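The values are calculated or read from the model by the stated rules, or taken from the named source; none is laboratory data. Everything quoted here is computed from the prediction, not taken from an experiment. All Cβ positions, even for glycine, are placed from backbone atoms using ideal geometry, and neighbour counts span all protein chains on display.
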Amino acid sequence: MTDIEDVHVKNQSGKAGHLFNRSLSHLLRDLYILIDKFLSFLMVSSIFIGITGFLLPYFSFSLYEIDVNYNLLLASFLLTFTVYNLDKVTGIEEDSINVPERAGFIEKNKRCIIFAVIIAYLGALTLSFLQSPFAIFIILFPFCIGIVYSIKISNFRLKDVTGVKNITVALSWAVIGTFLPSVVSFRGSTLILLFFYYFFTKCFINTVLFDVRDIEGDRINNVKTIPVVFGMKNTRRFLLILNSTLIPWLIHSYTGGLFHKYIPALIFGIIYGYWYILHFCRDGLKIGGSIDFLVDGEWIPLAILCFICKISSI
């Protein structure tokens, strides 16, 4: 092969490599856009938080060491989808400032969302009734609480009272996590108290972090959330103290012979709690959709760790 032919071959090879790299770059970019749109849809449609509603009681069933009842987990998914979409439909005004993408989606698809909410809630009630009449009361509780604190009567909502929203949301999650497994098998009042405190504390922290994200819109709409009233530094300090109470909770549980199999998952939950409090309570941080994935999505790694701890002990 002559030098000229050799140069020509190298040039052709270089062009082919360049075209391949460009094609790969475009493919990766398109894939990233597709994944981002898919995740955004899961967030704004409340399907992602519904997955949390499925995984949180799975975590609870595991710690109770009760066989998982997937009908109840599906009922919890449908319930969560219902309650959070109800809140979004009634909170479009605040979301138009805090989360405009979500507000636009809800406004555009309002009728479809209301229809989906009705079907989902009927499904949750049906699945609960098939398991136990007592399960219906557990499923009804968060829905009733959601209506009470979201609906505005004479320009007043409980949601607008400082801390009430956080308490009611955390209470709803704590009831699901604590009592749904009890429908299958009751394990005693001590376990119920321990579980209730754990779920209430974790979920209360999470709701306050979402208020941190929404602080600008809440100030404009005169919604007196904990971050608006007490400021970012005090909010961060309060949440860190609250998360720290789970350390003596864990020590007490461990020394009492409880949850030994799932200690890695529980330790991870406490450490992860410190991380996202410090991360999202930084001054000047512009919080986007990542908070949905990182805070609500906390139960994904917790459920996975529970599953690993369970199968590794078999």
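Key figures for this structure:
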read-out: In region 26-62, residue farthest from the chain's Cα centre (by Cα) [restricted to those that are of a type in the set (A, V, I, L, M, F, W, C) and under 30 Å from residue 261 (Cα atoms)]; value: 61
read-out: Filtered residues of region 200-248 (kept if closer than 23 Å to residue 258 by Cβ and aliphatic (A, V, I, L, M)); value: 205, 242, 246, 247
read-out: Restricting region 102-141 to residues that are more than 21 Å from residue 89 (Cα to Cα) and of a type in the set (Phe, Trp, Tyr), the residue that is nearest to the chain's Cα centre (by Cα); value: 137
read-out: Helices (runs of 4 or more DSSP H) contained in region 223-308 and holding at least 1 residues over 30 Å from residue 189 (Cβ atoms) and at pLDDT below 95; value: 226-244, 263-280, 290-295
read-out: Qualifying residue in region 257-267 (condition: exposed (fewer than 14 other Cβ atoms within 10 Å of the Cβ), over 15 Å from residue 200 (Cβ atoms) and under 24 Å from the mean Cα position of the chain (by Cα)); value: yes
